[in-house]
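Q: There's a structure below that I have some questions on.
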Amino acid sequence: MRKLLFVALLFVPMMSIAQDTAYVRSVISRLTAPDMYGRGCGRSGDSIAAEYLRAEMRAAGLRPLVPNYWQSVYYDVYDIDSCELSINGRKYEPYKEFRVYSAKRYATPERLKKARHKKQIDNVWYLGVDKLHTYSPVSGDYNRHPYCVEIVDSLFPRKIKQLNDNIDLIHNSGYKSQNVMGFIKGETDTMIVFTAHYDHCGTMGREVYFPGAHDNASGVAALLDIARMKAYTNPHYTLVFMLFCGEESGLKGSMEAAENPPVDLSKVKLLINIDLFCGGADGLMVFNANATNTKGWIDRLETINNKWQLVPNIKRRDNSPNSDHYHFSSHCPAVYILSIGQPYGGYHDPDDTCERCGLQHYPNNLRLILAMLGMDFNLDK
Ligand SMILES: [Zn+2]
């Protein structure tokens, strides 16, 4: 009986809620293309992505939530334009053999102490470390510490006789980016808000860029997929879609949207943020799952999953400032849902590509979320 039910489940609900995995892959493929420059600020990759997302919202039939779908956001950013290093005549490979970071964050006294080897030349620290840190393009203090360079320690020369460093940081204070926002009017003005960030880590020179398929082209694609499913029907709740910039620079886009919200946040029934959605072999994780205003929803998520066995596991976590739900969580019920386990290419890594984003768990991951919201008509009974 259970087997029969499972077979029925595979075929029947797919037709009614119609996730479009081919469309999702096409969005991920577009957002991760080389001419989006890792969706960073260096060559305006974030704005190229925002233009594309606005067109997709329009095509899905979403109405603009803010004029022309864009909410301006200003923040300090940097990207790495050129990234060449050779020491004693040996050329080093960016990302794999050396990485460039904000010195304010990575050349702290504690990290300098931990480095196996270190040398300061022209106010730049060169550090030999066993494992290069995960890259993150947060703002730095460029007046006192322009940047620092971590080199794989086994390749760090014991004597530096000649150093050629052609590292060119683009630092832009007050950089203008934008959140992309649309909505579908429901029977009621009570809202379900879906959020995901579309920016990523930009480039590390001309040769290396960060595609960011898992982080977070996948979440953006899922939101557009939901929007397309519901665009021509009449949902009960008004459905709001917010795609944020500036997450990788410190949740800047979502902070702006939470502090200057284009909607009345007291009317939000639930905000669901999706970030890292290529995987799912080990199930889903939910942050802010135990708050008094979110607990009931996540209990329901678990109950539905126990009944239908859509994902292997649901892990619950307390609130954390680790993604774009965070600044909303003091104003309305807000959770952050991510896929856990493979398949995805890497994290803040040039290998986080569309090809390595398997998507085989995507339909069930999404169905479960929609069922929790009562938007999957076969599972929400
Ligand atoms: Zn990230």
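The values are calculated or read from the model by the stated rules, or taken from the named source; none is laboratory data. What you see is a predicted model; the values in this text were computed from it and never measured. Reconstructed Cβ throughout: ideal geometry from the backbone, glycine too, with neighbour counts over all protein chains shown.
Q: Which condition does residue 339 not pass, out of (1) in a helix (DSSP H, G or I); (2) under 30 Å from residue 204 (Cα atoms), if it passes all the others?
A: Just one mismatch for residue 339, condition (1).
Q: Would you confirm, using the coordinates I've provided, whether residue 105 is closer than 21 Å to residue 349 by Cα and not in a strand (DSSP E or B)?
A: Yes.
Q: Filter the stretch 185-208 down to the residues that are buried (at least 21 other Cβ atoms within 10 Å of the Cβ) and modelled with pLDDT under 95, then identify the one that is farthest from residue 83 (Cα to Cα).
A: Filtering the stretch 185-208 for residues that are buried (at least 21 other Cβ atoms within 10 Å of the Cβ) and modelled with pLDDT under 95, the one farthest from residue 83 (Cα to Cα) comes out as 201.
Q: Could I ask something else about it? Being of a type in the set (A, V, I, L, M), crowded, with 21+ Cβ neighbours inside 10 Å and in contact with a Leu (Cβ under 8 Å, 6 or more places away or on another chain) narrows it down to one residue among 231, 221; which is it? Working first, answer last.
A: Working: 231 fails: crowded, with 21+ Cβ neighbours inside 10 Å.
Exactly one of 231, 221 is of a type in the set (A, V, I, L, M), crowded, with 21+ Cβ neighbours inside 10 Å and in contact with a Leu (Cβ under 8 Å, 6 or more places away or on another chain), namely 221.
Q: Would you mention how many residues in the stretch 301-342 are surrounded by fewer than 16 Cβ atoms within 10 Å (Cβ to Cβ) and touching a Cys at 6+ places or on another chain (Cβ under 8 Å)?
A: 0
Q: So which of 94, 67 is out of contact with any strand residue (DSSP E or B) (no Cβ under 6 Å at 6 or more places or on another chain) and of a type outside the set (Ser, Thr, Tyr)?
A: 67
Q: Among (1) within 22 Å of residue 242 (Cα to Cα); (2) away from the ligand (no atom under 16 Å from the Cβ); (3) in contact with a strand residue (DSSP E or B) (Cβ under 8 Å, 6 or more places away or on another chain), which single condition is residue 318 missing?
A: Going through the list (1) within 22 Å of residue 242 (Cα to Cα); (2) away from the ligand (no atom under 16 Å from the Cβ); (3) in contact with a strand residue (DSSP E or B) (Cβ under 8 Å, 6 or more places away or on another chain), residue 318 breaks only (1).
For (1) modelled with pLDDT of 90 or more; (2) in contact with a Lys or Arg (Cβ under 6 Å, 6 or more places away or on another chain); (3) on the phi > 0 side of the Ramachandran plot, each residue gets a yes or a no:
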| position | (1), (2), (3) |
| --- | --- |
| 61 | yes, no, yes |
| 79 | no, no, no |
| 116 | yes, no, no |
| 142 | no, no, no |
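Q: List the residue pairs whose Cβ atoms are under 9 Å apart, where the first residue sits in the stretch 302-320 and is farther than 15 Å from residue 370 by Cβ, the second is in a loop (DSSP other than H, G, I, E, B) and among the acidic types (Asp, Glu), and the two are 6 or more positions apart or on different chains.
A: Matching pairs, first to second residue: 312/282; 313/282; 315/282.
Q: Can you go through 136, 72 and tell me which one is in contact with a Phe, Trp or Tyr (Cβ under 9 Å, 6 or more places away or on another chain) and polar (S, T, N, Q)?
A: 136 is the lone residue from the list that is in contact with a Phe, Trp or Tyr (Cβ under 9 Å, 6 or more places away or on another chain) and polar (S, T, N, Q).
Q: Also, I was wondering about something else. Which numbered condition in (1) under 19 Å from the mean Cα position of the chain (by Cα); (2) in a strand (DSSP E or B); (3) of a type in the set (Lys, Arg) is the only one that residue 54 fails?
A: Of (1) under 19 Å from the mean Cα position of the chain (by Cα); (2) in a strand (DSSP E or B); (3) of a type in the set (Lys, Arg), only one is false for residue 54: (2).
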